[in-house]
Amino acid sequence: MTDDTKQYAVQKSEAEWKAQLSPAEFHVLRQAGTERPFVGEYTDTKTVGVYKCRACDAELFRSETKFDSHCGWPSFFAPLAEDRVEYIEDHALGMKRVEVRCANCGSHLGHVFEGEGYGTPTDLRYCINSISLTLAPA
(Lines give C-alpha, C1' and ligand atoms only; values in the text may rest on other atoms or scores of the structure.)
Protein backbone atom coordinates (compact mmCIF):
# COMPACT_ATOMS: atom_id res chain seq x y z
CA MET A 1 0.00 0.00 0.00
CA THR A 2 1.13 3.53 -0.66
CA ASP A 3 1.61 6.02 2.17
CA ASP A 4 -1.55 8.14 2.06
CA THR A 5 -0.14 10.58 4.66
CA LYS A 6 2.89 11.64 2.58
CA GLN A 7 2.47 14.50 0.14
CA TYR A 8 3.74 13.62 -3.34
CA ALA A 9 4.03 15.97 -6.33
CA VAL A 10 1.38 13.84 -8.05
CA GLN A 11 -1.68 13.34 -5.83
CA LYS A 12 -4.73 11.39 -6.99
CA SER A 13 -7.61 9.71 -5.25
CA GLU A 14 -7.96 5.94 -5.34
CA ALA A 15 -10.84 6.38 -7.81
CA GLU A 16 -8.64 8.51 -10.09
CA TRP A 17 -5.83 5.91 -10.01
CA LYS A 18 -8.33 3.13 -10.76
CA ALA A 19 -9.66 5.08 -13.75
CA GLN A 20 -6.14 5.69 -15.09
CA LEU A 21 -4.57 2.26 -14.50
CA SER A 22 -5.56 -1.24 -15.54
CA PRO A 23 -6.53 -3.57 -12.67
CA ALA A 24 -3.11 -5.29 -12.86
CA GLU A 25 -1.26 -1.94 -12.91
CA PHE A 26 -3.33 -0.67 -9.98
CA HIS A 27 -2.58 -3.84 -7.98
CA VAL A 28 1.18 -3.48 -8.39
CA LEU A 29 1.61 0.30 -8.43
CA ARG A 30 -0.93 1.34 -5.82
CA GLN A 31 -1.31 -1.81 -3.68
CA ALA A 32 2.35 -2.94 -3.68
CA GLY A 33 1.61 -6.14 -5.54
CA THR A 34 4.08 -8.14 -7.61
CA GLU A 35 3.73 -9.39 -11.14
CA ARG A 36 4.66 -13.02 -11.85
CA PRO A 37 8.32 -13.59 -12.76
CA PHE A 38 9.41 -13.92 -16.40
CA VAL A 39 6.17 -12.47 -17.84
CA GLY A 40 6.86 -8.71 -17.83
CA GLU A 41 7.43 -6.92 -21.12
CA TYR A 42 10.79 -5.43 -20.01
CA THR A 43 12.38 -8.47 -18.35
CA ASP A 44 14.68 -9.17 -21.32
CA THR A 45 14.48 -5.84 -23.18
CA LYS A 46 17.76 -4.43 -24.50
CA THR A 47 16.29 -1.25 -26.02
CA VAL A 48 18.23 1.92 -25.21
CA GLY A 49 16.15 4.56 -23.47
CA VAL A 50 14.68 5.81 -20.22
CA TYR A 51 12.31 3.83 -18.00
CA LYS A 52 9.52 5.94 -16.54
CA CYS A 53 6.93 5.42 -13.82
CA ARG A 54 3.82 4.03 -15.51
CA ALA A 55 1.60 5.95 -13.07
CA CYS A 56 3.07 9.47 -13.35
CA ASP A 57 5.67 9.39 -16.17
CA ALA A 58 8.60 10.39 -13.91
CA GLU A 59 11.97 9.28 -15.30
CA LEU A 60 13.38 6.59 -13.00
CA PHE A 61 16.04 4.39 -14.64
CA ARG A 62 18.27 4.45 -17.73
CA SER A 63 18.79 1.40 -19.92
CA GLU A 64 22.56 1.72 -19.34
CA THR A 65 22.01 0.59 -15.72
CA LYS A 66 19.84 -2.42 -16.65
CA PHE A 67 21.50 -5.82 -16.39
CA ASP A 68 20.67 -9.50 -16.76
CA SER A 69 20.09 -10.88 -13.27
CA HIS A 70 17.97 -13.83 -14.48
CA CYS A 71 15.61 -13.26 -11.54
CA GLY A 72 12.46 -12.90 -13.65
CA TRP A 73 12.04 -9.12 -13.38
CA PRO A 74 13.94 -6.19 -14.91
CA SER A 75 17.02 -5.39 -12.84
CA PHE A 76 18.95 -2.14 -12.59
CA PHE A 77 22.06 -1.30 -10.56
CA ALA A 78 21.11 2.35 -9.93
CA PRO A 79 18.20 4.77 -10.37
CA LEU A 80 18.55 7.72 -12.74
CA ALA A 81 19.08 9.89 -9.63
CA GLU A 82 18.60 9.17 -5.93
CA ASP A 83 15.82 11.75 -5.64
CA ARG A 84 13.72 9.81 -8.20
CA VAL A 85 12.99 6.93 -5.84
CA GLU A 86 12.27 6.46 -2.16
CA TYR A 87 13.01 3.51 0.08
CA ILE A 88 10.65 1.92 2.60
CA GLU A 89 11.56 -0.93 4.95
CA ASP A 90 9.30 -3.86 4.12
CA HIS A 91 8.78 -6.65 6.65
CA ALA A 92 6.06 -8.47 4.71
CA LEU A 93 6.61 -12.16 4.02
CA GLY A 94 8.50 -12.51 7.31
CA MET A 95 11.77 -11.00 6.05
CA LYS A 96 13.40 -7.59 5.88
CA ARG A 97 13.41 -6.10 2.40
CA VAL A 98 13.63 -2.56 1.06
CA GLU A 99 10.71 -1.46 -1.08
CA VAL A 100 11.38 1.00 -3.90
CA ARG A 101 8.71 3.60 -4.71
CA CYS A 102 8.45 6.44 -7.20
CA ALA A 103 9.32 9.62 -5.28
CA ASN A 104 7.00 11.64 -7.51
CA CYS A 105 3.73 9.75 -6.91
CA GLY A 106 4.45 7.09 -4.27
CA SER A 107 3.75 4.15 -6.57
CA HIS A 108 5.32 0.78 -5.77
CA LEU A 109 8.06 -0.20 -8.21
CA GLY A 110 9.69 -3.25 -6.61
CA HIS A 111 12.53 -3.88 -4.16
CA VAL A 112 16.27 -3.26 -3.95
CA PHE A 113 18.74 -5.90 -2.77
CA GLU A 114 22.45 -5.59 -2.04
CA GLY A 115 25.39 -7.92 -1.63
CA GLU A 116 24.20 -10.57 -4.07
CA GLY A 117 27.52 -10.69 -5.93
CA TYR A 118 26.46 -9.35 -9.32
CA GLY A 119 29.36 -7.73 -11.17
CA THR A 120 27.78 -4.28 -11.20
CA PRO A 121 29.31 -0.97 -10.08
CA THR A 122 27.00 -0.63 -7.06
CA ASP A 123 26.44 -4.24 -5.88
CA LEU A 124 22.73 -3.34 -5.84
CA ARG A 125 19.87 -5.00 -7.71
CA TYR A 126 16.77 -2.89 -8.17
CA CYS A 127 14.25 -5.65 -8.89
CA ILE A 128 11.47 -3.70 -10.61
CA ASN A 129 8.09 -4.87 -11.90
CA SER A 130 7.78 -4.35 -15.68
CA ILE A 131 4.18 -3.30 -15.16
CA SER A 132 5.41 -0.37 -13.03
CA LEU A 133 7.38 1.05 -15.95
CA THR A 134 7.10 2.40 -19.47
CA LEU A 135 10.14 2.59 -21.73
CA ALA A 136 10.82 5.72 -23.76
CA PRO A 137 13.27 4.60 -26.46
CA ALA A 138 16.20 6.93 -27.15
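The values are calculated or read from the model by the stated rules, or taken from the named source; none is laboratory data. Keep in mind it's a predicted model, so treat the numbers as computed, not measured. Every residue, glycine as well, gets a Cβ built from its backbone with ideal geometry; the counts of neighbours run over all protein chains shown. To get the accessible areas, we keep the full protein, side chains included, count just its heavy atoms, and leave off ligands, DNA and RNA. Shrake-Rupley method; radii C 1.70, N 1.55, O 1.52, S 1.80 Å.
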Item to check | Scattering profile of the range 1-81 at q = 0.18, 0.20, 0.24 Å⁻¹ [log10 I(q)/I(0), Debye over alpha-carbon scatterers] | outcome: -0.89, -1.05, -1.27
Item to check | Cα centre as origin, Lys/Arg/Asp/Glu Cβ charges: the range 9-52 dipole, Debye | outcome: 80 debye
Next on the checklist: With +1 on the Cβ of every Lys and Arg and -1 on the Cβ of every Asp and Glu, and nothing else charged, how large is the dipole of the chain about its Cα centre, in debye rounded to the nearest 20?
Outcome noted: 240 debye
Checklist entry - What percentage of all Cα-Cα pairs in the chain are separated by more than 27 Å? => result 13 percent
Next on the checklist: Below 8 Å between Cα atoms, with a sequence gap of 6+, how large is the relative contact order for the chain in percent?
Outcome noted: 29 percent
Checklist entry - Within the accessible area of the range 1-131, what % is carbon and sulfur when the probe is 1.4 Å and the other protein chains stay in place? => result 51 percent
Next on the checklist: Give me the net charge for the shell around GLY115: Cβ to Cβ below 14 angstrom, other residues only, Lys and Arg +1, Asp and Glu -1.
Outcome noted: 0
Next on the checklist: I'd like to know how the range 58-138 sits against the 2.2 N^0.38 Å rule of thumb: what's its Cα Rg over that expected value?
Outcome noted: 1.04
Item to check | Listed peptides 62-69, 108-115, 35-42 by packing density, highest first (mean Cβ within 10 Å) | outcome: 108-115, 62-69, 35-42
